[in-house]
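Worksheet: the structure to be examined is printed underneath.
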Amino acid sequence: MKVSNETKVGILAAFAITLLILGFNFLKGRNLMAKKDTIYAVFPKVDGLSTSDAVRMSGLQIGNVSEMEEGDQDLTSVVVGFHLIRDINIPDDSYAVISANPLGATSVNIVKGKSKSFIENGDTLQTIVAAGMIDDLKQTLSPVIDNVSGTLTSVDSLVEQLGLLMDPATRQHLQTTMANLDAATRQLTELLDTKKGPLASTLQHVSSITGNLRQQNDSINRVISNAGVLTEKLAALELDKTLSKVQATLDNLNTTLNQINSGQGTAGKLVSDPKLYQNLNATANSLNILLQDLRLHPKRYINVSVFGRKDKTGPLMQPLPDSANNPRTP
């Protein structure tokens, strides 16, 4: 049975679409041909997490984030699905935590439990919310700020007690110092604000830049791969040998031209010796005279009875005027 061209085009298009889907999912870290288990986790928020991010346990990637959906209409929670790419046992008392790194990719870490029962396909992991970098910094500096505030209160009380013993100028200096310390404390508090502080804004910008770099990772890899292929091809051309041969050829040509210019060899004598030109000019002139004399007095050179008696005129000693180049005027 003969297959029509339309059927062939349709089969080829379907095959190309299938390869495109498989290749896209392969680049996203998905293997559609392999059977995967899916487990879930419910987080109150998923800052920085996106689909295809890695899921790790004990530092080893065991899966990828496959989907994220809202837990309810009020968005009080987010349900995150994980596709497992390794056949490993996960204790059912394990818990998942989102690891957000402003200088790197966000991932989900599964802290392994000690239970002898294991998570099965479709089960839900327990979760905890890890404190971010700003929260950790705030928790670390909060006691320091409290101590500074207490110290300022004590100092203020001391200043009030000493105010009676100090002159007005000294009291004014102490009040100015306390005001400056209070302003510095407020500025430090604003700096550590997790929502509006400059430090939080800077870290968000850094996280956005690293996210963009991670999205362009495939393009960067292709550019590096193309550069590697180009350098391999250039290395295979053996440019050093080729340039050496070209240089040797140019040197030989330069030597030959120098010999010709100095009159060495046959070509040099042809270029520099004026006698050759004079001999060639004389030979051409003699040949011209001979041909014209042969044309005017053929009987002198050919003794055939058809032409009658022999021409006894003298030979032509110089060429006749060229009537073609110098026509006579009427």
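Where a number appears in this text, it was derived from the coordinates with a stated rule and is not lab data. Being a predicted model, the structure only gives us computed values, none of them experimental. Neighbour counts are summed over all protein chains in view; Cβ atoms, including those assigned to glycine, are modelled from backbone coordinates with ideal geometry.
Which order do I302, I39 fall in if you start with the one that has the fewest other Cβ atoms within 10 Å?
Ordered from fewest to most neighbouring Cβ atoms within 10 Å, I302, I39 come out as I302, I39.
Can you give me the long-range amide H partners of T127? Hydrogens built in the peptide plane at 1.01 Å from N, cutoff under 5 Å, separation of 5 or more residues or another chain.
Excluding prolines and chain starts, which carry no amide H, the hits are A96.
Using the per-residue mean of other Cβ atoms lying within 10 Å as a proxy for protection, in what order, highest first, do the peptides 78-86, 46-54, 279-287 fall?
In decreasing order of mean packing, 78-86, 46-54, 279-287 become 78-86, 46-54, 279-287.
Residue by residue, what Karplus-based ³J(HN,Hα) values in Hz, rounded to whole numbers, does region 78-91 have, using 6.51, -1.76 and 1.60 with θ = phi - 60° and x for Gly and Pro?
Per-residue couplings from phi come out as 10, 8, 10, x, 10, 9, 8, 9, 10, 8, 10, 9, 10, x Hz.
In terms of modelled amide H atoms, which long-range or inter-chain residues lie less than 5 Å from the amide H of S107?
Amide H neighbours of S107: S99, N101.
Obtain the nm distance between the two label points defined at S50 and K116 by a simple spin-label model: each point lies 7 Å from its Cα along the Cα-to-C-beta direction.
Taking the two extended label points, one gets 4.5 nm.
If all Cα-Cα distances of region 35-130 are sorted into 10 Å bins from 0 onward, what percent lands in each bin, rounded to whole numbers?
17, 54, 26, 3
For region 199-239, list log₁₀ I(q)/I(0) at each q in 0.15, 0.18, 0.27, 0.33 Å⁻¹, using the Debye formula over Cα point scatterers of equal strength and ignoring solvent, two decimals each.
Log10 I(q)/I(0), no solvent term: -0.54, -0.62, -0.83, -0.96.
Once amide H atoms are built 1.01 Å from N in the peptide plane, which residues 5 or more positions from K112, or in another chain, come under 5 Å H to H?
S58
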